[in-house]
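Data first, discussion second: the structure below is written as C-alpha coordinates.
The values are calculated or read from the model by the stated rules, or taken from the named source; none is laboratory data. Bear in mind that the values here come from a model prediction, so they are computed numbers and not experimental data. Don't worry about glycine lacking a Cβ; one is built from the backbone with ideal geometry, like all the others, and counts go over all protein chains shown. Only protein heavy atoms, including side chains, enter the accessible area calculation; ligands, DNA and RNA are left aside. Shrake-Rupley method; radii C 1.70, N 1.55, O 1.52, S 1.80 Å.
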Amino acid sequence: MRKLFLAPFVLLFVIVTRTAAGSWQNHVDYNIKVSLNDKDHRLTGEQSITYFNYSPDTLHKIYLLLYPNAYKNMNTAFARQQKRLGAKKFLNSTEQQRGYIDIKSFTHQNQIAKLVMPLDSISTGYVDLESPLLPGDSIRFETEWEVKIPEPFSRFCHENQNYFITQWFPKIPVYDQQGWHAYPYLDIGEFYYEFGDYDVEISLPKNYVVGATGELINNEDKTTFLDSLITTGTEIMEMPTNEYKEWIDSTSTPSSSSNSRTWHFQARNVVDFAWGASKDFLIQQDYFQYPNQKDSILIQNFFLPKNREAWKDALEISRAALKSWGDLCGSYPYPKVVSVDGSLMAGGGMEYPMLTIVNPVKVQFAMWNVVGHEIGHNWFYGALGFDERRQGWLDEGLNTYGEMRFMEKYLPDSVSMFSAMPLSSVFESLMDNV
(Lines give C-alpha, C1' and ligand atoms only; values in the text may rest on other atoms or scores of the structure.)
Protein backbone atom coordinates (compact mmCIF):
# COMPACT_ATOMS: atom_id res chain seq x y z
CA MET A 1 0.00 0.00 0.00
CA ARG A 2 2.78 2.48 0.84
CA LYS A 3 4.28 2.09 -2.64
CA LEU A 4 0.89 2.95 -4.17
CA PHE A 5 0.66 6.12 -2.09
CA LEU A 6 3.98 7.29 -3.53
CA ALA A 7 2.59 7.27 -7.09
CA PRO A 8 1.39 10.93 -7.07
CA PHE A 9 4.84 12.11 -5.98
CA VAL A 10 6.54 10.08 -8.73
CA LEU A 11 4.08 11.49 -11.29
CA LEU A 12 4.71 15.03 -10.09
CA PHE A 13 8.47 14.51 -10.38
CA VAL A 14 8.10 13.27 -13.96
CA ILE A 15 5.90 16.24 -14.91
CA VAL A 16 8.30 18.77 -13.39
CA THR A 17 11.47 17.28 -14.88
CA ARG A 18 9.97 16.91 -18.35
CA THR A 19 8.77 20.53 -18.51
CA ALA A 20 11.59 22.30 -16.66
CA ALA A 21 13.71 23.01 -19.75
CA GLY A 22 11.04 25.15 -21.42
CA SER A 23 9.42 26.56 -18.29
CA TRP A 24 8.97 30.17 -17.24
CA GLN A 25 7.19 31.90 -14.40
CA ASN A 26 6.14 35.51 -14.02
CA HIS A 27 6.72 37.40 -10.78
CA VAL A 28 5.00 40.25 -8.93
CA ASP A 29 6.24 42.38 -6.01
CA TYR A 30 4.03 44.28 -3.56
CA ASN A 31 4.83 47.24 -1.33
CA ILE A 32 1.84 47.98 0.92
CA LYS A 33 1.18 50.51 3.66
CA VAL A 34 -2.16 49.94 5.39
CA SER A 35 -3.91 51.33 8.45
CA LEU A 36 -6.81 49.83 10.40
CA ASN A 37 -9.76 51.84 11.69
CA ASP A 38 -11.20 49.49 14.30
CA LYS A 39 -14.27 51.65 14.93
CA ASP A 40 -15.59 51.39 11.38
CA HIS A 41 -13.73 48.14 10.57
CA ARG A 42 -11.98 49.64 7.58
CA LEU A 43 -8.56 49.39 6.01
CA THR A 44 -6.98 52.31 4.19
CA GLY A 45 -4.08 51.38 1.98
CA GLU A 46 -1.60 52.59 -0.56
CA GLN A 47 0.50 50.16 -2.54
CA SER A 48 2.79 49.69 -5.46
CA ILE A 49 2.65 46.61 -7.69
CA THR A 50 5.60 45.67 -9.90
CA TYR A 51 4.85 42.94 -12.42
CA PHE A 52 7.60 41.10 -14.31
CA ASN A 53 6.71 39.44 -17.61
CA TYR A 54 9.09 36.51 -17.99
CA SER A 55 6.77 34.79 -20.47
CA PRO A 56 7.42 34.62 -24.24
CA ASP A 57 4.15 36.49 -24.79
CA THR A 58 3.33 40.17 -25.30
CA LEU A 59 0.64 41.18 -22.78
CA HIS A 60 -2.02 43.72 -23.81
CA LYS A 61 -3.91 43.76 -20.53
CA ILE A 62 -3.25 43.04 -16.86
CA TYR A 63 -5.87 41.39 -14.67
CA LEU A 64 -6.50 42.16 -11.02
CA LEU A 65 -8.11 40.26 -8.16
CA LEU A 66 -10.32 42.53 -6.03
CA TYR A 67 -11.51 39.88 -3.60
CA PRO A 68 -13.11 42.09 -0.91
CA ASN A 69 -15.77 42.92 -3.52
CA ALA A 70 -16.98 39.33 -3.26
CA TYR A 71 -18.94 40.49 -0.20
CA LYS A 72 -20.40 43.65 -1.74
CA ASN A 73 -23.79 42.49 -3.01
CA MET A 74 -25.90 39.50 -4.05
CA ASN A 75 -24.65 39.46 -7.66
CA THR A 76 -21.04 38.35 -7.13
CA ALA A 77 -19.71 34.87 -7.87
CA PHE A 78 -19.37 34.33 -4.11
CA ALA A 79 -22.97 35.41 -3.51
CA ARG A 80 -24.26 33.17 -6.29
CA GLN A 81 -22.41 30.25 -4.74
CA GLN A 82 -23.89 31.12 -1.35
CA LYS A 83 -27.35 30.99 -2.93
CA ARG A 84 -26.65 27.54 -4.38
CA LEU A 85 -25.43 26.38 -0.97
CA GLY A 86 -28.40 27.93 0.85
CA ALA A 87 -26.06 29.93 3.10
CA LYS A 88 -28.65 32.01 4.89
CA LYS A 89 -26.19 34.04 6.95
CA PHE A 90 -24.86 35.91 3.92
CA LEU A 91 -28.14 35.83 2.02
CA ASN A 92 -29.92 37.53 4.94
CA SER A 93 -27.09 39.97 5.67
CA THR A 94 -27.41 43.73 5.64
CA GLU A 95 -25.25 46.14 3.66
CA GLN A 96 -23.62 47.18 6.94
CA GLN A 97 -22.51 43.60 7.61
CA ARG A 98 -21.04 43.09 4.15
CA GLY A 99 -17.76 44.44 2.73
CA TYR A 100 -16.04 45.72 -0.41
CA ILE A 101 -12.95 47.40 -1.81
CA ASP A 102 -13.11 50.94 -3.16
CA ILE A 103 -10.21 51.79 -5.52
CA LYS A 104 -9.51 55.48 -4.96
CA SER A 105 -6.78 55.68 -7.60
CA PHE A 106 -4.94 53.36 -9.97
CA THR A 107 -2.05 54.82 -11.95
CA HIS A 108 0.90 53.89 -14.16
CA GLN A 109 3.72 56.43 -14.57
CA ASN A 110 1.51 59.06 -12.90
CA GLN A 111 -1.19 58.53 -15.53
CA ILE A 112 -4.63 57.17 -14.66
CA ALA A 113 -5.00 53.53 -15.69
CA LYS A 114 -8.62 52.69 -16.35
CA LEU A 115 -9.69 49.72 -14.24
CA VAL A 116 -12.58 47.72 -15.70
CA MET A 117 -14.74 45.57 -13.42
CA PRO A 118 -17.40 43.40 -15.11
CA LEU A 119 -20.75 43.84 -13.35
CA ASP A 120 -21.18 40.09 -12.89
CA SER A 121 -17.67 39.58 -11.51
CA ILE A 122 -16.62 42.63 -9.49
CA SER A 123 -14.14 40.58 -7.46
CA THR A 124 -11.94 40.68 -10.57
CA GLY A 125 -10.97 43.42 -13.01
CA TYR A 126 -8.47 44.32 -15.71
CA VAL A 127 -6.49 47.20 -17.18
CA ASP A 128 -6.00 47.62 -20.94
CA LEU A 129 -2.38 48.67 -21.45
CA GLU A 130 -1.68 51.65 -23.73
CA SER A 131 1.76 50.18 -24.43
CA PRO A 132 1.91 46.35 -24.49
CA LEU A 133 4.14 44.64 -21.94
CA LEU A 134 6.85 42.87 -23.92
CA PRO A 135 8.61 39.65 -22.90
CA GLY A 136 11.32 40.42 -20.34
CA ASP A 137 9.83 43.83 -19.41
CA SER A 138 8.12 44.93 -16.21
CA ILE A 139 5.37 47.39 -15.33
CA ARG A 140 4.63 49.25 -12.10
CA PHE A 141 1.23 50.41 -10.84
CA GLU A 142 0.42 52.65 -7.89
CA THR A 143 -2.94 52.42 -6.16
CA GLU A 144 -4.81 53.81 -3.17
CA TRP A 145 -7.83 52.01 -1.80
CA GLU A 146 -10.21 51.56 1.10
CA VAL A 147 -11.63 48.25 2.26
CA LYS A 148 -14.67 47.67 4.44
CA ILE A 149 -14.07 44.43 6.37
CA PRO A 150 -17.14 42.16 6.42
CA GLU A 151 -18.51 40.18 9.30
CA PRO A 152 -17.72 36.43 9.22
CA PHE A 153 -19.15 34.99 6.01
CA SER A 154 -15.95 33.47 4.68
CA ARG A 155 -12.19 33.77 5.20
CA PHE A 156 -11.76 37.57 5.28
CA CYS A 157 -13.63 39.08 8.22
CA HIS A 158 -13.71 40.66 11.65
CA GLU A 159 -15.37 39.37 14.80
CA ASN A 160 -15.91 42.51 16.83
CA GLN A 161 -12.30 43.75 17.12
CA ASN A 162 -10.58 40.51 16.18
CA TYR A 163 -9.38 40.71 12.57
CA PHE A 164 -8.56 38.01 10.02
CA ILE A 165 -7.15 39.86 7.04
CA THR A 166 -6.88 37.52 4.06
CA GLN A 167 -7.48 38.08 0.32
CA TRP A 168 -7.56 41.76 1.19
CA PHE A 169 -5.61 43.87 -1.35
CA PRO A 170 -5.50 44.35 -5.16
CA LYS A 171 -3.50 41.44 -6.51
CA ILE A 172 -2.37 40.30 -9.97
CA PRO A 173 -3.35 36.70 -10.77
CA VAL A 174 -1.21 34.11 -12.51
CA TYR A 175 -0.44 34.28 -16.21
CA ASP A 176 0.94 30.94 -17.40
CA GLN A 177 0.99 28.70 -20.46
CA GLN A 178 -2.84 28.58 -20.41
CA GLY A 179 -3.17 32.38 -20.15
CA TRP A 180 -4.65 34.47 -17.34
CA HIS A 181 -6.26 32.81 -14.31
CA ALA A 182 -8.43 35.62 -12.94
CA TYR A 183 -10.67 33.40 -10.85
CA PRO A 184 -13.42 35.20 -8.90
CA TYR A 185 -13.46 34.71 -5.15
CA LEU A 186 -15.42 31.68 -3.92
CA ASP A 187 -15.96 30.25 -0.47
CA ILE A 188 -15.68 26.67 -1.75
CA GLY A 189 -12.84 27.00 -4.23
CA GLU A 190 -9.26 27.90 -3.52
CA PHE A 191 -6.50 29.88 -5.16
CA TYR A 192 -3.72 30.20 -7.71
CA TYR A 193 -1.34 33.09 -7.06
CA GLU A 194 1.89 34.40 -8.54
CA PHE A 195 5.08 34.30 -6.48
CA GLY A 196 6.49 37.62 -5.34
CA ASP A 197 8.23 39.65 -2.66
CA TYR A 198 6.19 41.54 -0.07
CA ASP A 199 7.03 44.61 2.00
CA VAL A 200 4.04 45.38 4.24
CA GLU A 201 3.58 48.03 6.94
CA ILE A 202 0.48 47.68 9.13
CA SER A 203 -0.55 50.58 11.37
CA LEU A 204 -3.22 50.13 14.05
CA PRO A 205 -3.89 51.05 17.70
CA LYS A 206 -0.86 50.38 19.87
CA ASN A 207 -2.42 47.68 22.05
CA TYR A 208 -3.12 45.32 19.14
CA VAL A 209 -0.74 42.48 18.40
CA VAL A 210 -0.26 41.28 14.82
CA GLY A 211 0.64 37.83 13.53
CA ALA A 212 1.49 37.81 9.84
CA THR A 213 3.24 36.28 6.87
CA GLY A 214 6.88 37.33 6.64
CA GLU A 215 9.63 38.28 9.04
CA LEU A 216 9.04 41.13 11.46
CA ILE A 217 11.44 44.01 11.05
CA ASN A 218 12.09 44.34 14.76
CA ASN A 219 12.65 47.32 16.94
CA GLU A 220 12.92 47.49 20.71
CA ASP A 221 9.34 48.67 21.21
CA LYS A 222 7.71 45.72 19.41
CA THR A 223 10.15 43.19 20.86
CA THR A 224 9.35 44.28 24.42
CA PHE A 225 5.61 44.15 23.70
CA LEU A 226 5.83 40.65 22.19
CA ASP A 227 7.97 39.41 25.08
CA SER A 228 5.31 40.55 27.55
CA LEU A 229 2.62 38.61 25.66
CA ILE A 230 4.82 35.50 25.53
CA THR A 231 5.41 35.72 29.29
CA THR A 232 1.71 36.14 30.04
CA GLY A 233 0.83 33.38 27.57
CA THR A 234 3.19 30.98 29.34
CA GLU A 235 1.76 31.91 32.73
CA ILE A 236 -1.82 31.36 31.52
CA MET A 237 -0.97 27.93 30.11
CA GLU A 238 0.61 26.87 33.42
CA MET A 239 -2.07 28.28 35.77
CA PRO A 240 -4.10 25.86 37.90
CA THR A 241 -7.69 25.68 36.64
CA ASN A 242 -9.20 27.69 39.50
CA GLU A 243 -6.69 30.54 39.09
CA TYR A 244 -7.21 30.50 35.32
CA LYS A 245 -10.99 30.82 35.71
CA GLU A 246 -10.56 33.71 38.14
CA TRP A 247 -8.17 35.42 35.71
CA ILE A 248 -10.62 35.01 32.81
CA ASP A 249 -13.51 36.36 34.91
CA SER A 250 -11.50 39.42 35.93
CA THR A 251 -10.11 40.26 32.47
CA SER A 252 -11.89 42.12 29.68
CA THR A 253 -10.90 43.46 26.27
CA PRO A 254 -9.31 46.89 26.72
CA SER A 255 -10.36 49.99 24.84
CA SER A 256 -8.27 50.74 21.79
CA SER A 257 -5.24 52.90 22.39
CA SER A 258 -5.33 56.42 20.98
CA ASN A 259 -1.69 55.93 19.90
CA SER A 260 -0.70 53.73 17.00
CA ARG A 261 2.06 51.26 16.26
CA THR A 262 3.34 50.17 12.85
CA TRP A 263 4.27 46.55 12.23
CA HIS A 264 6.67 46.05 9.34
CA PHE A 265 6.94 42.62 7.68
CA GLN A 266 8.93 41.37 4.72
CA ALA A 267 8.53 38.09 2.84
CA ARG A 268 10.43 36.84 -0.19
CA ASN A 269 9.13 34.62 -2.97
CA VAL A 270 5.74 33.75 -1.49
CA VAL A 271 2.31 33.50 -3.12
CA ASP A 272 0.29 35.61 -0.67
CA PHE A 273 0.34 37.72 2.49
CA ALA A 274 -2.17 37.43 5.35
CA TRP A 275 -2.40 38.68 8.93
CA GLY A 276 -4.48 38.52 12.07
CA ALA A 277 -4.78 41.14 14.80
CA SER A 278 -6.41 41.35 18.22
CA LYS A 279 -6.06 43.18 21.53
CA ASP A 280 -6.68 39.88 23.31
CA PHE A 281 -4.08 37.61 21.72
CA LEU A 282 -1.43 36.04 23.91
CA ILE A 283 1.53 34.19 22.41
CA GLN A 284 3.11 30.76 22.65
CA GLN A 285 6.60 30.71 21.20
CA ASP A 286 9.27 28.12 20.51
CA TYR A 287 11.87 27.19 17.90
CA PHE A 288 12.48 24.15 15.72
CA GLN A 289 15.72 23.15 14.05
CA TYR A 290 16.35 20.42 11.49
CA PRO A 291 19.49 18.29 11.97
CA ASN A 292 22.56 19.70 10.24
CA GLN A 293 20.89 23.06 9.57
CA LYS A 294 22.19 26.28 11.06
CA ASP A 295 18.99 28.36 11.18
CA SER A 296 16.07 27.70 13.53
CA ILE A 297 12.42 28.11 12.55
CA LEU A 298 10.37 30.43 14.75
CA ILE A 299 7.07 28.94 15.98
CA GLN A 300 4.40 31.35 17.24
CA ASN A 301 0.79 30.70 18.22
CA PHE A 302 -1.44 33.74 18.74
CA PHE A 303 -4.25 32.46 20.95
CA LEU A 304 -7.23 33.89 22.83
CA PRO A 305 -7.01 33.16 26.57
CA LYS A 306 -10.58 31.82 26.63
CA ASN A 307 -9.41 29.02 24.33
CA ARG A 308 -6.52 27.87 26.54
CA GLU A 309 -7.60 24.21 26.59
CA ALA A 310 -7.69 23.99 22.82
CA TRP A 311 -4.17 25.40 22.44
CA LYS A 312 -2.43 23.47 25.22
CA ASP A 313 -0.58 21.12 22.81
CA ALA A 314 -0.17 23.60 19.94
CA LEU A 315 3.59 24.09 20.19
CA GLU A 316 4.11 20.33 20.26
CA ILE A 317 1.80 19.97 17.25
CA SER A 318 3.74 22.57 15.27
CA ARG A 319 7.08 20.93 16.05
CA ALA A 320 5.71 17.53 15.08
CA ALA A 321 4.25 18.87 11.82
CA LEU A 322 7.55 20.49 10.84
CA LYS A 323 9.32 17.19 11.42
CA SER A 324 6.69 14.96 9.77
CA TRP A 325 6.26 16.97 6.56
CA GLY A 326 10.00 17.68 6.59
CA ASP A 327 10.73 13.95 6.57
CA LEU A 328 8.22 13.46 3.75
CA CYS A 329 8.87 16.51 1.56
CA GLY A 330 12.12 18.16 2.66
CA SER A 331 12.79 20.92 5.19
CA TYR A 332 10.18 23.61 5.87
CA PRO A 333 10.85 26.37 3.31
CA TYR A 334 10.22 29.48 5.43
CA PRO A 335 11.78 31.16 8.52
CA LYS A 336 8.69 30.96 10.72
CA VAL A 337 5.36 29.19 11.19
CA VAL A 338 2.44 31.02 12.83
CA SER A 339 -0.99 29.80 13.90
CA VAL A 340 -3.70 32.35 14.70
CA ASP A 341 -6.78 31.67 16.83
CA GLY A 342 -9.60 32.17 14.36
CA SER A 343 -13.25 31.33 13.92
CA LEU A 344 -15.67 29.29 11.84
CA MET A 345 -15.18 31.46 8.75
CA ALA A 346 -12.75 28.95 7.24
CA GLY A 347 -14.17 25.70 8.59
CA GLY A 348 -11.42 24.02 10.60
CA GLY A 349 -8.65 26.25 9.31
CA MET A 350 -7.15 28.06 6.34
CA GLU A 351 -3.59 28.27 5.11
CA TYR A 352 -1.41 31.16 3.99
CA PRO A 353 2.37 31.33 3.60
CA MET A 354 3.93 31.00 7.08
CA LEU A 355 0.51 31.56 8.69
CA THR A 356 -2.58 29.49 9.36
CA ILE A 357 -5.89 30.58 10.84
CA VAL A 358 -7.30 27.85 13.05
CA ASN A 359 -10.75 27.32 14.51
CA PRO A 360 -9.80 26.01 17.98
CA VAL A 361 -11.58 22.95 19.39
CA LYS A 362 -11.09 21.25 22.75
CA VAL A 363 -10.77 17.76 21.26
CA GLN A 364 -7.02 17.45 20.95
CA PHE A 365 -6.92 14.91 18.13
CA ALA A 366 -8.91 17.47 16.09
CA MET A 367 -6.39 20.23 16.90
CA TRP A 368 -3.55 17.90 15.87
CA ASN A 369 -5.40 17.19 12.65
CA VAL A 370 -6.21 20.81 11.76
CA VAL A 371 -2.97 22.50 12.82
CA GLY A 372 -0.86 19.77 11.25
CA HIS A 373 -2.84 19.83 8.01
CA GLU A 374 -2.70 23.62 7.64
CA ILE A 375 1.04 23.75 8.33
CA GLY A 376 1.47 21.02 5.72
CA HIS A 377 -0.02 23.33 3.09
CA ASN A 378 3.16 25.43 3.30
CA TRP A 379 4.84 22.79 1.15
CA PHE A 380 2.10 22.17 -1.42
CA TYR A 381 0.04 25.35 -1.66
CA GLY A 382 2.96 27.50 -0.50
CA ALA A 383 6.27 26.32 -1.92
CA LEU A 384 4.89 24.64 -5.06
CA GLY A 385 2.06 27.09 -5.79
CA PHE A 386 -0.36 24.77 -7.58
CA ASP A 387 -3.51 25.88 -9.39
CA GLU A 388 -5.82 24.73 -6.59
CA ARG A 389 -8.99 25.91 -8.31
CA ARG A 390 -8.50 23.52 -11.24
CA GLN A 391 -6.37 20.76 -9.73
CA GLY A 392 -7.19 20.46 -6.07
CA TRP A 393 -5.69 16.97 -5.83
CA LEU A 394 -2.21 18.48 -6.22
CA ASP A 395 -2.76 20.48 -3.03
CA GLU A 396 -5.50 19.07 -0.83
CA GLY A 397 -4.95 15.56 -2.13
CA LEU A 398 -1.20 15.35 -1.59
CA ASN A 399 -1.39 17.31 1.65
CA THR A 400 -4.07 14.97 3.02
CA TYR A 401 -1.71 12.07 2.35
CA GLY A 402 0.90 13.95 4.41
CA GLU A 403 -1.72 14.55 7.08
CA MET A 404 -2.55 10.85 7.34
CA ARG A 405 1.14 10.01 7.67
CA PHE A 406 1.42 12.67 10.38
CA MET A 407 -1.61 11.44 12.33
CA GLU A 408 -0.58 7.82 11.99
CA LYS A 409 2.81 8.63 13.53
CA TYR A 410 1.75 10.89 16.40
CA LEU A 411 -1.86 9.90 17.15
CA PRO A 412 -2.31 6.42 15.63
CA ASP A 413 -5.63 5.82 17.41
CA SER A 414 -7.16 8.89 15.75
CA VAL A 415 -6.70 7.42 12.25
CA SER A 416 -8.87 4.44 13.12
CA MET A 417 -11.31 6.81 14.82
CA PHE A 418 -11.74 8.84 11.62
CA SER A 419 -12.09 5.75 9.44
CA ALA A 420 -14.69 4.21 11.75
CA MET A 421 -16.93 7.29 11.98
CA PRO A 422 -19.19 8.66 9.25
CA LEU A 423 -18.00 12.09 8.12
CA SER A 424 -21.14 13.74 9.50
CA SER A 425 -20.44 12.23 12.92
CA VAL A 426 -16.86 13.49 12.88
CA PHE A 427 -18.07 17.00 12.06
CA GLU A 428 -20.75 16.93 14.74
CA SER A 429 -18.31 15.72 17.38
CA LEU A 430 -15.93 18.57 16.57
CA MET A 431 -18.66 21.21 16.61
CA ASP A 432 -19.91 19.97 19.98
CA ASN A 433 -16.55 20.90 21.42
CA VAL A 434 -16.03 24.33 19.89
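A straight Cα-to-Cα reach below 16 Å connects Lys89 with the lysines Lys72, residues fewer than 8 places away in its own chain not being considered. Summarising the strand pairing of region 266-342, around 60 percent of its internal DSSP beta bridges are antiparallel. Take every pair of alpha-carbon atoms less than 8 Å apart whose residues are at least six positions apart; their mean separation over the length of the chain yields a relative contact order of 14 percent. In this rough spin-label picture, where each label sits 7 Å from Cα along the Cβ direction, the Thr232-Gln266 distance is 3.0 nm. For Asn269, the residues 5 or more places off, or on other chains, whose built amide H falls under 5 Å of its own are Gly196, Asp197, Tyr198. Within the chain, antiparallel bridges make up roughly 85 percent of the DSSP beta bridges whose residues both belong there.
The helix-only estimate of mean residue ellipticity at 222 nm for the chain, built from DSSP H runs of length n ≥ 4 each weighted as -39500 (n - 2.57), is -8500 deg cm²/dmol after division by the residue total. In the context of the full protein assembly, Thr224 retains an accessible surface of approximately 90 Å², using a probe radius of 1.4 Å and ignoring ligands and nucleic acids.
Could you identify which residue out of Pro132, Pro291, Pro170 has the top mean-square fluctuation in a GNM of the chain using Cα springs shorter than 10 Å? Maximum among the listed residues: Pro291.
Prolate is the label for region 275-324, because a/c, from the alpha-carbon gyration tensor with a ≥ b ≥ c as root eigenvalues, is 1.5 or above and a/b exceeds b/c. Computed from phi, the 3J(HN,Hα) profile of region 132-139 under the Karplus parametrisation 6.51, -1.76, 1.60 (θ = phi - 60°) reads x, 8, 7, x, x, 8, 10, 9 Hz, with x in place of Gly and Pro.
Amide H contacts for Asn207 (H built 1.01 Å from N in the peptide plane; partners 5 or more residues away or on another chain; cut-off under 5 Å): Ser257. Across Ser296, Ser256, the residue with the most accessible area heads the list, and the full order at a 1.4 Å probe is Ser296, Ser256. GNM on the chain, alpha-carbon springs under 10 angstrom: the most fluctuating residue among Gln47, Gln97, Gln111 is Gln111.
Within straight-line reach of Lys148, meaning a Cα separation under 14 Å, sit the following aspartates and glutamates at least 8 residues removed in sequence or on another chain: Asp38, Asp40, Glu95, Asp102, Glu159. Just Ile217, Ile357, Ile103 to compare: in a GNM of the chain, with alpha carbon springs under 10 Å, which one fluctuates most? Among Ile217, Ile357, Ile103, the largest mean-square fluctuation in the Gaussian network model of the chain belongs to Ile217.
For Lys323, the lysines whose Cα falls under 25 Å of its own Cα, not counting residues fewer than eight places away in the same chain, are Lys3, Lys294, Lys312, Lys336, Lys362, Lys409. By a 1.4 Å probe calculation restricted to protein chains, Ser203 has an accessible surface near 30 Å², given to the nearest 10.
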